[in-house]
Amino acid sequence: MDFTGEERIAAPRDIVWAALNDPEIMRGCIPGCQSIERLSPSAFEATIKVKFSLLSATFHGLLTLSDVDAPKSYTLSAEGKGGLAGFARGSADIVLEERGAETILHYRSKAELGGRLAQLGARLLESTSQKLAEGFFSDFNAAVVAKMARAEGLFKSAP
């Protein structure tokens, strides 16, 4: 399954980049994320609960950053095991494009599912995966804008 998209974020690229590397922001934006912990500058361990139609699975796995070109782009790879439900593997190429005071976040991602999840049917898996990706980027956009608004409020109230 492959899908692409973009998200226009009303924040400068350096703010968006920092948020993409902040485990707390990521935890709040990844649908079903129960925990995420930084293991190194380029690796995270995560637990994510995902529901595909009637099947729900909790995945434990690693998120790894590669091809890092700060603050412009990176590749985020994920691999997790969901017990009897199977496994999930995927990656997303993230590119941040400056447009004045805004940033356009471009993504191209692919996912592979195995085990019971793979038996659900390609159409259902593709639509669910697309919704999860769109939900993440929409929530991420809102989190970045809210964080920037809070920071601006602090600076305005400072003497």
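The values are calculated or read from the model by the stated rules, or taken from the named source; none is laboratory data. Everything quoted here is computed from the prediction, not taken from an experiment. Neighbour counts run over all protein chains shown; Cβ positions are idealised from the backbone, glycine included. Surface areas here come from the heavy atoms of the whole protein model, side chains and all, with no ligands, DNA or RNA. Shrake-Rupley method; radii C 1.70, N 1.55, O 1.52, S 1.80 Å.
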Solvent-accessible surface (1.4 angstrom probe) belonging to Ser35, in square angstrom, nearest 10: 50 Å²
Whole-Hz ³J(HN,Hα) from phi, Karplus 6.51 cos²θ - 1.76 cosθ + 1.60, for the range 133-150, glycine and proline x: 5, 4, x, 4, 5, 5, 5, 4, 4, 4, 5, 5, 5, 5, 5, 5, 5, 5
CD proxy at 222 nm, helix term only [per DSSP H run n ≥ 4: -39500 (n - 2.57); per residue of the chain; nearest 500]: -11000 deg cm²/dmol
Which of Ser109, Ser73, Ser127, positive extreme of dipole for the range 35-129 (C-beta unit charges): Ser127
Per residue solvent-accessible surface (Å²) - the chain, probe of 1.4 Å: 57 Å²
Surface/4 of the Cα convex hull for the range 112-151, nm²: 3.3 nm²
Magnitude of the charge dipole, the range 60-99, Cβ model with Lys/Arg +1 and Asp/Glu -1, debye to 20: 220 debye
Principal axes of the range 1-66: Cα extent on each, largest first, Å: 40, 28, 21
Two-decimal Rg to Rh for the chain - Kirkwood Rh, Cα set: 1.00
Within the accessible area of the range 65-159 (1.4 Å probe), percent carbon and sulfur: 56 percent
Most mobile listed residue (Gly86, Gly114, Gly100) in the chain, GNM with C-alpha springs under 10 Å: Gly100
Computed label-point distance, nm, for sites Val68 and Ala10 using a 7 Å Cα→Cβ extension: 3.1 nm
